[in-house]
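All remarks here apply to the structure that follows.
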Amino acid sequence: MKLDHVDRAGRTALLEAIVTGDGSLRFGQIVLLLSAAGADVNIADKNRVTPLDHARRRGFEAMAGVLEYAGAR
């Protein structure tokens, strides 16, 4: 499976970790590992909401920082 595979819900693994996560260290590590492995941090969901936007809206500042460091816009 590709790292940036988009599932039927229109989400990548990175988006899933943010949208279904609770902002805890565990989910933050998933975001860090996916971005370090080369996941595209700018693939938006089917509503055109980016991973960075999702993280900010949910108040996940640490995740947002990781995404910004990885080049998220």
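The values are calculated or read from the model by the stated rules, or taken from the named source; none is laboratory data. Keep in mind that this is a model prediction, so the values were computed, not measured. Heads up, the Cβs are rebuilt from the backbone with ideal geometry, glycines too, and the neighbour counts pull from every protein chain shown.
The table that follows gives values for the structure above.
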read-out	value
Unmet requirement for V41, which otherwise passes all of (1) without any contact (Cβ under 8 Å) to a residue 24 or more places away in the chain; (2) part of a loop (DSSP other than H, G, I, E, B); (3) crowded, with 17+ Cβ neighbours inside 10 Å	(1)
Single match in R73, R58, R48, R26 (criterion: at pLDDT below 95 and surrounded by fewer than 19 Cβ atoms within 10 Å (Cβ to Cβ))	R73
